[in-house]
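Enquirer: My questions will all concern the structure given below.
Only the coordinates and a few stated rules stand behind these numbers; no lab work does. Since this is a predicted model, take the numbers as computed values, not measurements. Reconstructed Cβ throughout: ideal geometry from the backbone, glycine too, with neighbour counts over all protein chains shown.
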Amino acid sequence: TVGCVVVDGKGHCAAGTSTGGLMNKMMGRIGDSPLIGAGTYASEFCGVSCTGEGEAIIRATLARDVSAVMEYKGLNLQEAVDYVIKHRLDEGFAGLIAVSNKGEVVCGFNSNGMFRGCATEDGFMEVAIWE
Amino acid sequence: MGGWAIAVHGGAGIDPNLPAERQEEAKQLLTRCLNLGIIALRSNVSAIDVVELVIRELETDPLFNSGRGSALTEKGTVEMEASIMDGTKRRCGAVSGITTVKNPISLARLVMDKSPHSYLAFSGAEDFARKQGVEIVDNEYFVTDDNVGMLKLAKEANSILFDYRIPPMGCAGAAATDSPIQMNGLPISIYAPE
């Protein structure tokens, strides 16, 4: 699975996710990636793309929950990502990337590593795999 | 406003024994995609356009599980899916069961921009793609030798592999059978994370 989240200079957020799914999956299986609110979500608050155990991400509506706790609980992006990873994934393993309309960027996962990278306008850039 | 920001991912749940050269390849691809996005953002390209641009690049490279290099179904074919969302007006588009569209993320974008719907799947999505004139390729285009080997291992282990990026010389069967993890109420020996 691959994904990208962006907040542009106007503070507009967007998110996208694309995948081939699982190796040896059943024909017709649909995972979280195309499901708005599960694998992908964007609002005026943030953009989120998820990856990992699709069935767990679907149950958790993981991407939407990041935006929801920002909107309803007033959490900042880091707090929102930490909250959903810790409290919404049940026994599933997954990760996500997220940006906020304030130019923040956060990666979170409880799986064994996640291929990821991020950059911000102030010159910060990072590419990593493990925790 | 705090300025622009971008993040990319290439999948979660990685074999801890992934060879160093494969890790380096992944980092190089992620860096290339980030730089592509950075250049676009510095040119004031909109967030939604940058998302599509970067994911197209990831889909075109066979390294990660999307587009060319996608994981294979039980029949050795590729069925892809993608979605995209613009937060400004909460507009979205999604596709599933894609077998011949070179860049599924762009088809999802077209569903958002050019259809009255949010989500198209299988033959309907493929018909829509042809009407929109997107680039079409044979299903074989998406199939890589690495993934054919991984599917063979998965079938031999009668499982869906825990990590599809474990090289064919790795212990895929052990990864599938030793894990106590359950997924959707079933042991990971049947399912596994993307």
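Enquirer: Report, by chain and number, residues whose modeled amide H sits under 5 Å from the one on B:A121, excluding near sequence neighbours (fewer than 5 apart, same chain).
Expert: B:S96
Enquirer: Which values, in whole Å and largest first, are the semi-axes of the equivalent ellipsoid of chain A obtained as the square root of 5 times each eigenvalue of the Cα gyration tensor?
Expert: Details: eigenvalues 102, 51, 39 Å².
Ellipsoid semi-axes (Å, largest first): 23, 16, 14.
Enquirer: Return the tail of the calculated pair distribution for the range B:39-165, meaning the percent of Cα-Cα pairs more than 17 Å apart. Present the calculation step by step, with values, prior to reporting the outcome.
Expert: Working: 4720 of 8001 pairs.
Cα-Cα pairs of the range B:39-165 separated by over 17 Å account for 59 percent.
Enquirer: I'd like the distance separating the alpha-carbon centroids of the range A:12-66 and the range B:64-97, in whole Å.
Expert: A separation of 10 Å, based on Cα centres.
Enquirer: Taking the number of other C-beta atoms within 10 Å as the exposure measure, put B:E140, B:E59 in order starting with the fewest. Don't jump to the answer; show the numbers that get you there.
Expert: Working: B:E140 8, B:E59 27.
Ranking B:E140, B:E59 by Cβ neighbours within 10 Å, fewest first, gives B:E140, B:E59.
Enquirer: Here is a further query. Specify the residue with the greatest mean-square fluctuation among A:N112, A:N101, A:N76, computed from a Gaussian network of chain A linking alpha-carbon atoms under 10 Å apart.
Expert: With Cα springs under 10 Å in chain A, the top fluctuation among A:N112, A:N101, A:N76 is at A:N112.
Enquirer: Based solely on its DSSP helices, what 222 nm [θ] is calculated for the protein assembly as shown when runs of n ≥ 4 H residues each add -39,500 (n - 2.57) and the sum is averaged over all residues, nearest 500 deg cm²/dmol? Mind dumping the intermediate values first?
Expert: Working: 9 runs with 108 residues, N = 325.
Counting only the DSSP helices, I get -10500 deg cm²/dmol.
Enquirer: Roughly what angle does helix A:62-73 make with the longest principal axis of chain A, taking Cα atoms, 0 to 90 degrees, to the nearest 10?
Expert: 40 degrees
Enquirer: What ³J(HN,Hα) values, in whole Hz, does the Karplus curve 6.51 cos²θ - 1.76 cosθ + 1.60 give for the range B:102-113 when θ = phi - 60°, with x put for Gly and Pro?
Expert: Values, residue by residue: 4, 10, x, 4, 6, 5, 4, 4, 5, 4, 5, 8 Hz.
Enquirer: Once phi is turned into ³J(HN,Hα) by the Karplus curve 6.51 cos²θ - 1.76 cosθ + 1.60 with θ = phi - 60°, what whole-Hz value does each residue of the range B:128-134 show in order, with x for glycine and proline?
Expert: Those phi angles translate into 4, 4, 5, 5, 7, x, 6 Hz.
Enquirer: Skipping prolines and chain starts, which residues have an amide H placed within reach, meaning under 5 Å, of the one on B:R91, given they are 5 or more residues away or on another chain?
Expert: Amide H to amide H, under 5 Å and 5 or more residues apart or across chains, B:R91 pairs with B:D86.
Enquirer: Shifting gears a bit: Neighbouring Cβ atoms within 10 Å as the yardstick, rank B:R130, A:R116 fewest first. Don't jump to the answer; show the numbers that get you there.
Expert: Details: B:R130 11, A:R116 25.
Exposure proxy ranking, most exposed first: B:R130, A:R116.
Enquirer: Next question, about the same structure. Quick one: dipole size for the range B:40-80, taken about the Cα centre, charges +1 on Lys/Arg Cβ and -1 on Asp/Glu Cβ, in debye to the nearest 20.
Expert: Working: 4 positive and 7 negative charges, 16 e Å.
Rounded to the nearest 20 debye, it is 80 debye.
Enquirer: Restricting to bridges with both residues inside the range B:19-129, how much of the DSSP beta-bridge set is antiparallel, in percent to the nearest 5? Don't jump to the answer; show the numbers that get you there.
Expert: Details: 6 of 9 bridges.
Bridges in the range B:19-129 are about 65 percent antiparallel.
Enquirer: Here is a follow-up. If the cut-off is 29 Å between C-alpha atoms, which lysines fall inside it for B:K155, apart from same-chain ones fewer than 8 positions away?
Expert: In chain and number order, the partners are A:K25, B:K75, B:K102.
Enquirer: Same structure, new question: Rank the residues B:R90, B:R109 as a footprinting-exposure proxy: fewest other Cβ atoms within 10 Å of their Cβ go first. Intermediate results must be reported in sequence, preceding the final value.
Expert: Values: B:R90 13, B:R109 26.
Neighbour counts put them in this order, fewest first: B:R90, B:R109.
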